[in-house]
Amino acid sequence: MEIEREPLTSSTEIENHEGAIIEDLRASSQNPLSDPTEWLEKTIERNILLTTVDAAINWARKTSLWPVTAFTACCTFEFIGASSSRFDIARFGMEVLRASPRQADLLVCGGTLTWKMAPQIKRLYEQMAEPKWVIAMGACAISGGIFHDSYSVVPGYNHIVPVDVYVPGCPPRPETLLAGIENLRRKIAQNSIKKSGTKR
Amino acid sequence: MNIADNQELSSHLRTHFGEGIIVHGEYVEITIGKFERVAKYLKESLGYEFLSMITAIDYIDYFELVYRIEAFQNKATVQLKLKCEKVKPVVPSLSHLWYGARLQEREVYDLFGIEFSNHPNLKRIVLWEGFQGYPLRKDFKVKSYDAGN
């Protein structure tokens, strides 16, 4: 028994209609549509934004600080609190914690640093790309805290890496950390390319 | 073998090792000479099969080592206390009885400077190679105290 098949070359009325629509649209769409400009006021259209190179570069730097994921002790949890939805450091453009120091420009030193861990932190700092900044968060990061004369604790991160902003507290509340970040942003805003290519 | 109470433990140890062993409750004071044999007997004959921890205490005249050993069968604990001299403290290692003793003995060596004879890998574990002194000893000096407070 043979099965009747429609020949492959035949075209139905529906297919012909569909093809005509496509051909019409293609023929009438050869040039791109113009973007809508009705919402622009005429005064803005004629304006030019003026700024300095310093202001533009500093604005870009201070509004996209990317912290590196390198935390040694318990102040980390206040940083986690600051970085999640309640305190939300995403407002400052820094919610992305980079797992690689090559992609980061901010080292938030949260917690006690032991001499055994110190070479790794120094190495992380040296691997970060310029320009880079350091926030010492909490009493241990500032001075060693209650462990300042211990046999195994570094008495302050500034023995290992240069510190830009000290955030006191044991641990500092997220609001305190946000205040420290705000201070760092003010510090970055004062940089100038005249002084050097980097931050100092 | 299950041990009913500390009285029975005391009498067991007395009959096997003589009068040199003092039992206060679950604390057993022993001498260095009998230490290894007592530990082996506790593990292999009395069912104290788990070495829970090793630590040391720095007294004025001597170091004291504390071994906490547990028996799961009868839910019992015994603590061996062992005095050793202050000048050159050496005690036998228990690493051939319990593998876990290796790390704990290294920690005691690291922080107290007590040597364990026959330990297969006795070196610092928490602090780094080249660290001067043993920081949990009472005579270890820290900065602010060095300067006369």
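No lab work stands behind these numbers, since they all come straight from the coordinates. Everything numeric in this text was worked out from a predicted model, so none of it was measured. FYI the Cβ positions are ideal-geometry reconstructions off the backbone, even for glycines, and counts take in every protein chain you see.
Loop-only check: which chymotrypsin sites (Phe, Trp or Tyr not before Pro) in the range B:47-149 are DSSP coil with at most 16 other Cβ within 10 angstrom? Walk me through the intermediate numbers first.
Numbers: sites: B:Tyr48, B:Phe50, B:Tyr59, B:Tyr62, B:Phe63, B:Tyr67, B:Phe72, B:Trp98, B:Tyr99, B:Tyr109, B:Phe112, B:Phe116, B:Trp128, B:Phe131, B:Phe140, B:Tyr145; in loops: B:Tyr48, B:Tyr59, B:Tyr62, B:Phe72, B:Trp98, B:Tyr99, B:Trp128, B:Phe131, B:Phe140.
Loop-located and lightly packed - B:Tyr59, B:Tyr62, B:Phe72, B:Tyr99, B:Trp128, B:Phe131, B:Phe140.
Rg and Dmax of the range B:45-149 over Cα atoms: what are they, in angstrom?
When restricted to the Cα atoms of the range B:45-149, Rg and Dmax are 15.5, 54 Å.
Within chain B, what percent of beta bridges assigned by DSSP are antiparallel, to the nearest 5?
Taking every DSSP beta bridge with both residues in chain B, the antiparallel ones total about 75 percent.
Percent of Cα-Cα pairs more than 27 Å apart in the range A:66-195, please.
I get 13 percent for the Cα pairs in the range A:66-195 exceeding 27 Å.
Whole angstrom only: what separates the Cα centroid of the range B:1-56 from the Cα centroid of the range A:141-176?
Here the answer is 47 Å between Cα centres.
Given the pairs A:Lys42/A:Lys62; A:Lys116/B:Lys81; B:Lys34/B:Lys141; B:Lys43/B:Lys123, which span a C-alpha to C-alpha distance of over 29 angstrom in this model?
Values: A:Lys42/A:Lys62 32 Å; A:Lys116/B:Lys81 32 Å; B:Lys34/B:Lys141 35 Å; B:Lys43/B:Lys123 26 Å.
Flagged as over cut-off: A:Lys42/A:Lys62; A:Lys116/B:Lys81; B:Lys34/B:Lys141.
Looking at chain B as a GNM with Cα springs under 10 Å, which of B:Asp110, B:Asp58, B:Asp139 has the largest mean-square fluctuation?
B:Asp139
Run through the DSSP bridge list for the protein assembly as shown and note the antiparallel percent, rounded to the nearest 5.
In the protein assembly as shown, approximately 55 percent of DSSP beta bridges are antiparallel ones.
What angle do you read, to the nearest 10 degrees and between 0 and 90, between the alpha-carbon axis of helix B:32-44 and the longest principal axis of chain B?
Here the helix axis deviates by roughly 50 degrees.
Rounded, prolate or oblate, given the Cα gyration tensor of the range A:1-119, with a/c below 1.5 counting as rounded?
Judged from the Cα gyration tensor, the range A:1-119 comes out oblate (a/c at least 1.5, b/c at or above a/b).
Please state the shape class of the protein assembly as shown: rounded when a/c is under 1.5, otherwise prolate if a/b exceeds b/c and oblate if not, all from the C-alpha gyration tensor.
oblate
Given the options A:His159, A:His17, A:His148, state which has the largest fluctuation in a GNM of chain A using a 10 Å cut-off (strictly under) for Cα springs.
Maximum fluctuation in the GNM of chain A, among the listed residues, is at A:His17.
How far, in degrees from 0 to 90, does helix A:118-127 lean away from the longest principal axis of the Cα atoms of chain A, to the nearest 10?
Roughly 40 degrees, rounded to the nearest 10.
Tell me the relative contact order for the range B:6-117 as a rounded percent, counting alpha carbon contacts under 8 Å between residues six or more apart. List each step's numbers first, then the result.
Values: 178 pairs, mean separation 24.5, N = 112.
Relative contact order comes out at 22 percent.
May I ask you to compute the full-extension gain from B:Phe131 to B:Asp5, defined as 0.36 nm times their residue separation minus their alpha-carbon distance, rounded to one decimal in nm? Each step should come with its number before you reach the end.
On the way: separation 126, 0.36 × 126 = 45.36 nm, distance 4.49 nm.
So the extension gain works out to 40.9 nm.
For helix A:13-28, what angle does its Cα long axis make with the longest principal axis of chain A, in degrees from 0 to 90 and rounded to 10?
Helix A:13-28 sits roughly 60 degrees off the main axis of chain A.
Going by a ≥ b ≥ c, the root eigenvalues of the Cα gyration tensor, does the range B:1-55 fall in the rounded group (a/c under 1.5), the prolate group (a/b larger than b/c) or the oblate group? Could you put the intermediate results ahead of the total?
Working: a/c = 1.28, a/b = 1.02, b/c = 1.25.
Judged from the Cα gyration tensor, the range B:1-55 comes out rounded (a/c under 1.5).
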